[in-house]
Structure formats: C-alpha cells, structure tokens
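Quick notes on the structure that follows.
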Amino acid sequence: MENQKEFRELLRKHRKNLGISQFELAALAGLSQPTLANFEIAKFNLSAASLENVRKALLKLIAKRATAGDSFQRRLRSFPSSGDEIRAGA
C-alpha cells in the first residue's frame, strides 16, 4: 500500500535526522528492533495496529526533542490512525 511506502520513507529519514535509534523507537512502539529494521528496508509491512503504535511512539519521541520541526509533526499526525485506513500489505 502506498501509505506504508510513504510512511516508511518519512520514518527512516526523520528518525535518523532526529537521532532516534531503531531500538528506542521499537521499544516504545512495542516492537523488536529487527522488526522495525525490516519494515524500514521494505522487507515486510506492519499491521495497522503496529503502524499506529510506531506513529504514536515517534510523536512522543519528537515531542521530547526541541529540534523537531513542526511541518514533520503535522505530516506525521496527518497519517490515518485507524485500521480501516492503514492496511498491512504492499
């Protein structure tokens, strides 16, 4: 699904720019680091619930960092937050 591809690209770019480790984000999202890593490199997609957990965890981590840009936060918040709108799959 296109949403997963776009989310994956935003996630990886901004996670790295903000200095957030895969381990830190995965732990807060309730995932393992290898699961998050495999999602970032498009080895597989995440369930709607896992995507939502990652989205929420990233927002929490961004809020803790004063360097986070407002435009990225708005884009991240604009991603659908219900399982009906974000589906696992290509």
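The values are calculated or read from the model by the stated rules, or taken from the named source; none is laboratory data. Since the model is a prediction, treat every value here as computed from it, not as a measurement. In this analysis, Cβ positions are derived from the backbone assuming ideal geometry, glycine residues included, and neighbour counts consider all displayed protein chains.
Observations
- Members of segment 36-64 that are without any contact (Cβ under 8 Å) to a residue 12 or more places away in the chain and among the β-branched types (Val, Ile, Thr): Ile41
- Qualifying residues in segment 32-90 (those that are among the β-branched types (Val, Ile, Thr), modelled with pLDDT under 85 and surrounded by 10 or more Cβ atoms within 10 Å (Cβ to Cβ)) - the one farthest from Ile20 (Cα to Cα): Ile86
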